[in-house]
Structures are given as C-alpha cells and as structure tokens.
Amino acid sequence: MRQNVGSVTSWCRACHPLPVLAVTVVTALLTVAWGHGAGGVLLLTAAVLTGQLSVGWLNDLVDLDRDRAAGRGDKPLARGELTPVAVRRAVVAAGGVSVVLTSLAGWPAAAAHLVALGSAWAYDLGGKSRAWSPACYAVSFGSLPAFVVLALPGAPAPPLWLVAGGALLGCAAHFLNVLPDLAEDAAAGVRGLPQRLGAGRSRGAAAGLMLGACGSLALGPVLSGGTAAGT
C-alpha cells in the first residue's frame, strides 16, 4: 500500500514557517554582518534552517493529540495530511543534517548551536508547560549569535551585548507568540509562564523585554567601544 507522505504545502505549514523563516533570515543577515564569506553564510544558514525545521515539526508532533482534541484545522498533522511516522522521520532527518552541518563550523561554534537546538527541542518536549518556559527561548536566541561569531576564524568570543540582546529578544518573542493561543493553551493544560501571567502582564513583559533587547543591541557596541558587527 502506498503511504501518503503529504504535499509540499502541508510540510511547509507543519514546520511553523514564519518562525523558521524569521530565524533563518536573521542568521543569514548576522553571518553577512559579521564578515563571513559566501561559504560560511551558506553553511551556517543551512545548519540553522534544518535545525529550525526539526524544531517546528517536533512541536506539531508533540502537540498532535492536543491539536486533534481542539479541532485545529490549521495543523496538517492533526488533519491527517501528514502521518506521525513521516513527521517523526523528518524530525530525525532534519535534526541529523543540522548536527552534521553544525559540526563543520568548528567545535566552539558547534557547541553553541547544539545548545540552542537542545533548548528548542526541550521547549517542544515539555518546557512550554513550565514556569521557566522563557528560559528555553533565552538560551536558544542568545546562543544563535554566539554560533555566528564563534564560527569566524579563531573562534572569537561573542560580545556579551550581542548574546544578551538575542536572549532578551527571544524571551519577548515567546510572550508575543503565545498571546493569540492563551485561551486554547489554558484549556489544554499548557502552563508556561505567559499562560500563568495572563494576557495583560504578558504584553507588559514582552514590551519590557523588547525594550531591553533594543537597548542592548543599540548601546552595547557603543559602550564596549566596538561596532555593531564586531570589535
């Protein structure tokens, strides 16, 4: 019997395309800004893209029963357009490719990206329902620019302002990302920090974190005596 592997559109929708695209584009821009050559830009961007695909597909795989119970018509896996077996294989394949590509960037950079990936996978596998859910975003988004800088020749230490800015931006994204689904999450038993705080306080937290991220990224290079793309 021929197994349905789903359409390209279904796979794209299941990977959480907007976050995947956003993180991948930011990575590409960072690699260019920090002086990577064409080969480095392609390598690091591909490593992050495949890693983000694995994170997105794993998210829908873990949430399958919850999405089915909620009647999520926007979820290809819950709708039966994709099979759990196929998505599980895709998660492993994309994650494996990402790890291989990451290893080519040198061990300091690879360590940073593997920390970022591990934190993102941890969020999918239960971190989203914990009070420390923002920590997963902080670690992943803070480690991403570290990955880019450490992949440069000589593996220079990433500036603290860059890592801090990424971490704060990631936390803000977490609060903003879950706002539209707070009611559904509460009904499904998802109890991350935004769900515990509620909509109003989550908006305030996102605004404060965004302000902190902008301040770190704008003032950090000036106060450290460097530039936005290095020291």
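May I ask you to list the residues in the range 26-56 that are surrounded by 20 or more Cβ atoms within 10 Å (Cβ to Cβ) and not in a helix (DSSP H, G or I)?
Listed by number, the residues that qualify are Trp34, His36.
For the range 59-84, how many residues meet the condition of being crowded, with 16+ Cβ neighbours inside 10 Å and outside any helix (DSSP H, G or I)?
6
Which of the helices (runs of 4 or more DSSP H) found entirely inside the range 116-231 contain at least 3 residues meeting this: loosely packed, with under 15 Cβ neighbours inside 10 Å and over 19 Å from the mean Cα position of the chain (by Cα)?
182-188, 199-223
Give me a count of the residues in the range 30-60 that are within 16 Å of the chain's Cα centre (by Cα) and among the hydrophobic types (A, V, I, L, M, F, W, C).
Number satisfying all stated conditions: 10.
Filter the range 2-25 down to the residues that are surrounded by 18 or more Cβ atoms within 10 Å (Cβ to Cβ) and of a type in the set (A, V, I, L, M) and list them by number.
Ala14, Val20, Val23
Only the coordinates and a few stated rules stand behind these numbers; no lab work does. Because the structure is a prediction, the values reported are computed rather than measured. Don't worry about glycine lacking a Cβ; one is built from the backbone with ideal geometry, like all the others, and counts go over all protein chains shown.
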